[in-house]
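Got a structure for you, questions after.
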Amino acid sequence: MDTGSAAADLVASNGLIKFLRREATLSPRRALTVAAVAGLSNAMILAIINTAAEHAEQSESRPLYAVFFAAAMLLYVVAQRWILTQAAEQVEAMIHRVRMRIVSQLQYCELLDVEQLGRAVIYSGIARHMQTLSQSASTVTIAVQMAILILFTTLYIAWISLTSFIALVAFMAVALTVYWKKSYSVRTDLRGTLEMDNDVYTTIDDLLDGFKEAKLSRSKARAIIQRIEEISERASEMRGNTQILLAKNFVFSQTAFYLLLGTMVFVVPILTSGYSDVVQKSTTAVLFIIGPISGLIGSIPIFENASAAAEAIMDLEKHLKKLSGIEIETDEEGRPITETGERFSSRYAGFKTIELRKAVFRYDPPNGDPTDSFSIGPIDLSITRGEVLFITGGNGSGKSTLLRVLTGLYPLHEGQLLIDGKQLPEANLQDYREIFSAVFGDFHLFSELYGIPDEAREEVHDWIHTLEILGKVKFDGRKFSTVDLSTGQRKRLALLAAALEKRPILVLDEWAADQDPMFRRKFYREILGMLRSGGTTIIAVTHDNRFFDAADRQMHMEDGMMAAYDPEFFHD
């Protein structure tokens, strides 16, 4: 493959260029036309100055050259302001569109896939990488302007001296060939640093999530810090090597540029007549583009970082699209058509029975480590509308996993999920999920009541009183005054939000475990009855054997299997 073809392929495969081709709504022809006008007007300034200097003794021509100079300056300012403004608006609009597409795509992905993908990758895609693109927008735009200016200045040199032009083009061709070969591995190395950074963020996330535990144990804290140091050092070394490559390329390009100046001064005069005139104009032209060339070279690391970020963003969107299997509906500009927050009405809201029949779920970790795998089943379980079902079991018995399978959050690998005696079609899975509200063991407490109908919000203050958190939290009609509460109080707020969803089934995973004895009794003796009288089916994982009489049935999990309830389990 020749050098020109290789360079063309490299440009075509560049992440940032692919991203702009896919997302830009501004006409490329229009943008290039205005950019060309800005570059041409800049080159015209050089030509006017050179010509005016050549005819400096002719005083009658000075006003005319001054007018030409002012016109070229005005044209440059107008075109430059337009292209920079458009670039900023376009990039921010593209970032918003892609971010919303990724977030919209994310909601259609399965829980297990999102858990395996990891928060660091998702956060990087919708935040850090997009910030990189935003910050690089003006630099990359100016770099394009500089490239156009260099092109027109090169054409100007061809006009004043064909010999100088040939020397310039030959020199630049050799320099660019060497530069492309030196830079080819930079993009791969930059992509590797982004992946390494994700590992750093994941470990730091562990430190922040487990900060209380780390504060209680110096050995644990130091081990975490040591792990962060190991990963960060590898990332730093990889990024440092990449920056060294870029620095070497910069030094090479600067050296080549000064050699070019030497060629213009020492070699061109040997090959052409009119020594003084040609050398003066050619050297002036080359000096005129010192700044643009230096700026263009200096922007290459930013361009490469932006390219790697754009590639990572597109890969994330492509991966989420593959995981969800959904084509997000977009408008003519590529923005996702956002669904309204109106309340969904499930076709299964009037269900009578739900049944798991020989249900099996297996988790195989992406790293292939068999020690991280687990499974539950086969399980047979039937739930009747309106009942209160308690599920018991030891730690690691599979209770929480069963709840995720039952609510449709984890897929069945074997067996059936039936509703009113009919197997649930996969296409109706989300409709099935809509009949559940839940407070899981690892629940997240939203500060706002998302998806809650207005009429239900009127009950918030009654619930705050019932849950005995009056004075701890206030509600302004949209959000809670705080969610920075004790674990037990946070669970009460989570129960409030779940109850206001008015779903047919309420799932609770060891909800009462963090409540004080008095309120725990109130929960089992009053609140469950209140929920049940409102028509709610309740499925609760619990160890509170003193209150088992509050349930219609108790089922027991042991080693991933559903076993008969054994009262002796709680008296060993």
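Rounded to the nearest 5, what % of DSSP beta bridges with both residues in region 419-526 are antiparallel?
Numbers: 3 of 8 bridges.
If I count the DSSP bridges inside region 419-526, around 40 percent turn out antiparallel.
Antiparallel DSSP bridges in the chain: what percent, to the nearest 5? Show your work: numbers first, answer last.
Values: 21 of 40 bridges.
Roughly 50 percent of the DSSP beta bridges within the chain come out antiparallel.
Here's a follow-up. May I ask you to list, by number, the DSSP H helices of the chain whose Cα span along the axis is at least 24 Å and whose average Kyte-Doolittle hydropathy reaches -1.0 or more?
TM-like helix candidates: 28-54, 62-106, 129-160, 162-183, 186-209, 218-262, 290-324.
For GLY441, what residues show an amide H to amide H distance below 5 Å, using hydrogens built from the backbone and excluding near sequence neighbours?
Counting only residues 5 or more places away or on other chains, the set is ASP509.
Would you mind checking which residues have amide H under 5 Å from MET555's amide H? H placed 1.01 Å from N; only 5 or more apart, or other chain.
Here the answer is PHE390, ILE391, THR392, since their amide H atoms fall under 5 Å of that of MET555.
Placing +1 on the Cβ of each Lys and Arg and -1 on the Cβ of each Asp and Glu in the chain, which of SER164, GLY210, HIS129 has its Cα farthest towards the positive end of the resulting dipole?
The residue sitting most towards the positive pole is SER164.
Calculate the spin-label point distance for ARG433 paired with PHE250, positioning each point 7 Å from the Cα along the beta-carbon direction, and give it in nanometres.
4.7
Shifting gears a bit: With r as the distance between the Cβ atoms of ARG525 and LYS215 and R0 = 35 Å, compute the FRET efficiency 1/(1 + (r/R0)^6) and round to 0.05.
Numbers: r = 38 Å, r/R0 = 1.09.
The calculated FRET efficiency here is 0.35.
Give me the distance in nm between label points sitting 7 Å out from Cα along the Cα-to-Cβ direction at ILE166 and MET561, one decimal.
9.0
Given q = 0.05, 0.07, 0.10 Å⁻¹, what are the Debye log10 I(q)/I(0) values for the chain, with equal point scatterers placed on the Cα positions and solvent ignored?
Once normalised to I(0) and log-transformed, intensities are -0.37, -0.63, -0.98.
Let me ask you something else. Place +1 on the Cβ of every Lys and Arg and -1 on the Cβ of every Asp and Glu in the chain, take the dipole about the Cα centre, and give the residue among GLY415, GLY350, MET196 whose Cα lies farthest towards its positive end.
MET196
For all pairs of alpha-carbon atoms in region 91-171, what percent lies in each bin of width 10 Å, listed from the first bin to the last filled one?
15, 27, 18, 14, 14, 9, 2
Can you compute 3J(HN,Hα) from phi for each residue in region 409-425, using the Karplus curve 6.51 cos²θ - 1.76 cosθ + 1.60 with θ = phi - 60°, rounded to whole Hz and x for Gly and Pro?
Listing the rounded values in order: 7, 10, x, 7, 8, 9, x, 9, 10, 10, 10, 6, x, 10, 5, 6, x Hz.
So, one more: Can you tell me the length gained on complete extension of the stretch ARG222 to ALA70, counting 0.36 nm per residue apart and subtracting the Cα distance?
Numbers: separation 152, 0.36 × 152 = 54.72 nm, distance 6.54 nm.
Net length gain for the segment: 48.2 nm.
Only counting other Cβ atoms within 10 Å, I'd like SER253, SER27 sorted with the fewest neighbours first. Walk me through the numbers on the way to the answer.
Details: SER253 20, SER27 9.
With the sparsest Cβ surroundings first, the list reads SER27, SER253.
Could I ask something else about it? Listed highest first by mean packing, meaning other Cβ atoms within 10 Å per residue, what order do 36-48, 443-455 come in? Working shown, then result.
On the way: 36-48: 20.8, 443-455: 13.5.
Peptide ranking by packing, descending: 36-48, 443-455.
Grab the beta carbon distance between TRP82 and THR202, set R0 = 56 Å, and tell me the FRET efficiency rounded to 0.05. Don't jump to the answer; show the numbers that get you there.
Numbers: r = 43 Å, r/R0 = 0.77.
Calculated value: 0.85.
Do the alpha carbons of any pairs in LYS215/LYS491; LYS352/LYS502; LYS358/LYS399; LYS322/LYS352; LYS220/LYS479 sit beyond 28 Å of each other, and which pairs?
Too far apart for the 28 Å limit: LYS322/LYS352; LYS220/LYS479.
Can you list the chymotrypsin sites (Phe, Trp or Tyr not before Pro) in region 58-142 that are in a DSSP coil and have 16 or fewer other beta carbons within 10 angstrom?
In loop regions of region 58-142 (DSSP not H, G, I, E or B), the sparsely surrounded chymotrypsin sites (Phe, Trp or Tyr not before Pro) are TYR108.
Readers should treat all values here as calculations from the given coordinates under stated rules, not as data from a laboratory. Note that this is a predicted model, so its numbers are computed, not measured. Heads up, the Cβs are rebuilt from the backbone with ideal geometry, glycines too, and the neighbour counts pull from every protein chain shown.
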